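Trainee: Mind looking over this structure? Questions follow.
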Amino acid sequence: MFLSVFDVFKIGIGPSSSHTMGPMSAANRFLELILSDEWPRPSHASVAAIKVSLHGSLAHTGIGHGSGRAVVLGLVGERPDRVDPDRMDVLIDEVERTGRITPPGHPSYEFQPKTDLIFDKKVPLPGHANGMSFSAFDKDGRLLLKRIYYSIGGGFVVTDTELDAMRASKNKPAGVKVPFPFSTAQEMLDMAARSGMTIAQMKRANEECTMSPQELNEGLDRIWGAMSSCIDRGLSQDGIMPGGLKVRRRARSIHDKLQEEWRSNKINPLLANDWLSVYAMAVNEENAAGGRVVTSPTNGAAGVVPATIRYYMHFHDDADQHGVRDYLLTAAAIGGIIKHNASISGAEVGCQGEVGSASAMAAAGLAAVMGGSPEQIENAAEIALEHHLGMTCDPVAGLVQVPCIERNALGAVKAVTAASLALKGDGQHFVPLDACIETMRQTGVDMNEKYKETSTGGLAVNVVEC
């Protein structure tokens, strides 16, 4: 099983990897399909109009997550890692005004968002809670092409047939051969013991099967650069976040108070927790505002990993860029195992799969750069994930704001605590990480749908929106 670090960590935009980045990527794929030879074209027929319907969780919380906006942006040719957040409103306004889209390399197609983009809350698609249907018609309204896509978490998008194939093959990508193909935590530990290598070294060896060491380092540095920039921007902004809840940004004011305490040398027994929290909140406030973030492993959980890396850089004298790279490689190894054996999608297993997974990844990465053995790293990940089991995803008004922003702060605190506990032991512990991951999967299967990113239960119905 091989999932690249650059699949786990992807640069994109907020507020949601599955509900924003996923639909945008699905639209990109549909445009590529239209120009390809992968579908039978009727003679003398050409695409004149496109229609899209969103289903399941995408329909229930898509407006709050910006799913419709993401579809429009994707259909005009914008991509999650390249779109300029400052131009998005202009692009969408143009489509709404003209009722047409003109992606690069394509003719103009009719697409009127008010009528051609449907949020279908009544009919879920069978493969996954985040389902989308894209259809292309000729000038006489005859259906020429239709594809079903699923946004399966972390920005990953697959067709219905690809999803079936993934499940049949247990997510094993064809043709990818790596020296350390671990698909479980136990396999990872066994390979580390046999090879004498760290988890980061094994992950690096796998990555270097498809790229040079320089390309890998540059890519890792680019990921951390985007994360760090997101923290800095979040700490510099204030005001009300979009969406209608009138939730105010707090990271900047908290950061200013912490800076004042730092300069005055006041004793603060909660200092590390406060810095962790403000870093995580800065990222998720940026995410909620539709800014540029890195899926870690999702947008809704994007603050945990950056917060703990910045904590490492801030409080550890021996922290350096090499350590950041090892952190990201180790965290990606754990994230890949979780995704392979359970899920990182809130719409599939609740927030245990998002913030819980992020906390496990962060705990593992931090334990690694603090000198932990593979067994201690696996223990750290298990502790962090275990204490997120059962966590629901119930965003108020479908916005990635309440409880998501503070939840990332607590996920970062748990990650550091888990790493510290694991490093004080010898790596031997009662619950294996694999058992914890399987428990998360089973819990997600048993969890009521209203607690899985539909905003039809929990805080979403018990908090008055005002």
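Trainee: Test each condition in (1) farther than 23 Å from Gly14 by Cβ; (2) aliphatic (A, V, I, L, M); (3) outside any helix (DSSP H, G or I) for Val400 and report the one that comes out false.
Mentor: Going through (1) farther than 23 Å from Gly14 by Cβ; (2) aliphatic (A, V, I, L, M); (3) outside any helix (DSSP H, G or I) one by one, Val400 breaks only (1).
Trainee: Shifting gears a bit: What is the one condition in (1) in contact with a helix residue (DSSP H, G or I) (Cβ under 9 Å, 6 or more places away or on another chain); (2) open to solvent by 40 Å² or more (accessible area, probe 1.4 Å); (3) modelled with pLDDT of 95 or more that Pro113 does not satisfy?
Mentor: Among (1) in contact with a helix residue (DSSP H, G or I) (Cβ under 9 Å, 6 or more places away or on another chain); (2) open to solvent by 40 Å² or more (accessible area, probe 1.4 Å); (3) modelled with pLDDT of 95 or more, the lone unmet condition for Pro113 is (2).
To keep it simple, each residue is scored yes or no on (1) on the phi < 0 side of the Ramachandran plot; (2) open to solvent by 10 Å² or more (accessible area, probe 1.4 Å); (3) of a type in the set (Gly, Ala, Ser).
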{"position": "Arg263", "(1), (2), (3)": "yes, yes, no"}
{"position": "Lys266", "(1), (2), (3)": "yes, yes, no"}
{"position": "Val278", "(1), (2), (3)": "yes, no, no"}
{"position": "Ala289", "(1), (2), (3)": "yes, yes, yes"}
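Trainee: Pick from Val123, Val71: which is under 26 Å from Ala48 (Cβ atoms), in a loop (DSSP other than H, G, I, E, B), touching a strand residue (DSSP E or B) at 6+ places or on another chain (Cβ under 7 Å) and of a type outside the set (Phe, Trp, Tyr)? Don't jump to the end; show me each part of the working.
Mentor: Numbers: Val71 fails: in a loop (DSSP other than H, G, I, E, B).
Of the residues listed, the single one that is under 26 Å from Ala48 (Cβ atoms), in a loop (DSSP other than H, G, I, E, B), touching a strand residue (DSSP E or B) at 6+ places or on another chain (Cβ under 7 Å) and of a type outside the set (Phe, Trp, Tyr) is Val123.
Trainee: Quick check on my filter: what residues within region 413-422 are touching a Leu at 6+ places or on another chain (Cβ under 9 Å) and either within 12 Å of Ala364 (Cα to Cα) or of a type in the set (Phe, Trp, Tyr) (or both)? Give the steps one after another, and end with the answer.
Mentor: Filtering region 413-422 down to residues touching a Leu at 6+ places or on another chain (Cβ under 9 Å) leaves 413, 415-416, 418-420.
Passing the criteria: Ala415, Val416, Ala418, Ala419, Ser420.
Trainee: Of the residues Ala332, Ala409, Ala384, Ala368, which single one is part of a helix (DSSP H, G or I), open to solvent by 10 Å² or more (accessible area, probe 1.4 Å), in contact with a helix residue (DSSP H, G or I) (Cβ under 8 Å, 6 or more places away or on another chain) and modelled with pLDDT of 95 or more?
Mentor: Sole residue among the options that is part of a helix (DSSP H, G or I), open to solvent by 10 Å² or more (accessible area, probe 1.4 Å), in contact with a helix residue (DSSP H, G or I) (Cβ under 8 Å, 6 or more places away or on another chain) and modelled with pLDDT of 95 or more: Ala368.
Trainee: Of all residues in region 92-108, which are within 22 Å of Leu35 (Cα to Cα) and either of a type in the set (Asp, Glu) or open to solvent by 20 Å² or more (accessible area, probe 1.4 Å) (or both)?
Mentor: If the condition is that a residue be within 22 Å of Leu35 (Cα to Cα) and either of a type in the set (Asp, Glu) or open to solvent by 20 Å² or more (accessible area, probe 1.4 Å) (or both), then Arg100, Thr102, Pro104, Gly105, His106, Pro107, Ser108 are the ones that fit.
Trainee: Do we have any residue at all in region 72-80 that's surrounded by fewer than 20 Cβ atoms within 10 Å (Cβ to Cβ) and either in contact (Cβ under 8 Å) with a residue 60 or more places away in the chain or at positive phi (or both)?
Mentor: Scanning region 72-80, I find at least one residue that is surrounded by fewer than 20 Cβ atoms within 10 Å (Cβ to Cβ) and either in contact (Cβ under 8 Å) with a residue 60 or more places away in the chain or at positive phi (or both), so the answer is yes.
Trainee: Does Ser455 qualify as being open to solvent by 20 Å² or more (accessible area, probe 1.4 Å) and closer than 27 Å to Ala282 by Cβ?
Mentor: yes
Trainee: Please work out if Val123 is open to solvent by 30 Å² or more (accessible area, probe 1.4 Å), touching a residue at least 60 places away in the same chain (Cβ under 8 Å) and not charged (D, E, K, R).
Mentor: yes
Residues checked against (1) without any contact (Cβ under 8 Å) to a residue 40 or more places away in the chain; (2) over 22 Å from Gly350 (Cβ atoms); (3) over 23 Å from the mean Cα position of the chain (by Cα):
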{"position": "Ile240", "(1), (2), (3)": "yes, yes, yes"}
{"position": "Lys246", "(1), (2), (3)": "no, yes, yes"}
{"position": "Ala302", "(1), (2), (3)": "no, no, no"}
{"position": "Tyr311", "(1), (2), (3)": "no, yes, no"}
{"position": "Thr330", "(1), (2), (3)": "no, yes, no"}
{"position": "Gly336", "(1), (2), (3)": "no, no, no"}
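Trainee: For region 4-57, name all the residues that are assigned to a loop (DSSP other than H, G, I, E, B) and either touching a Phe, Trp or Tyr at 6+ places or on another chain (Cβ under 8 Å) or open to solvent by less than 30 Å² (accessible area, probe 1.4 Å) (or both).
Mentor: Correct list: Ser4, Phe9, Gly14, Pro15, Ser16, Ser36, Trp39, Ala45, Val47, Ala48.
The values are calculated or read from the model by the stated rules, or taken from the named source; none is laboratory data. No experiment lies behind these values; they were computed from the predicted model shown. Because the Cβ atoms are built from the backbone with ideal geometry, glycine has one as well, and the counts that use them run over all protein chains shown. Areas reflect the complete protein model, heavy atoms only, side chains present, ligands, DNA and RNA absent. Shrake-Rupley method; radii C 1.70, N 1.55, O 1.52, S 1.80 Å.
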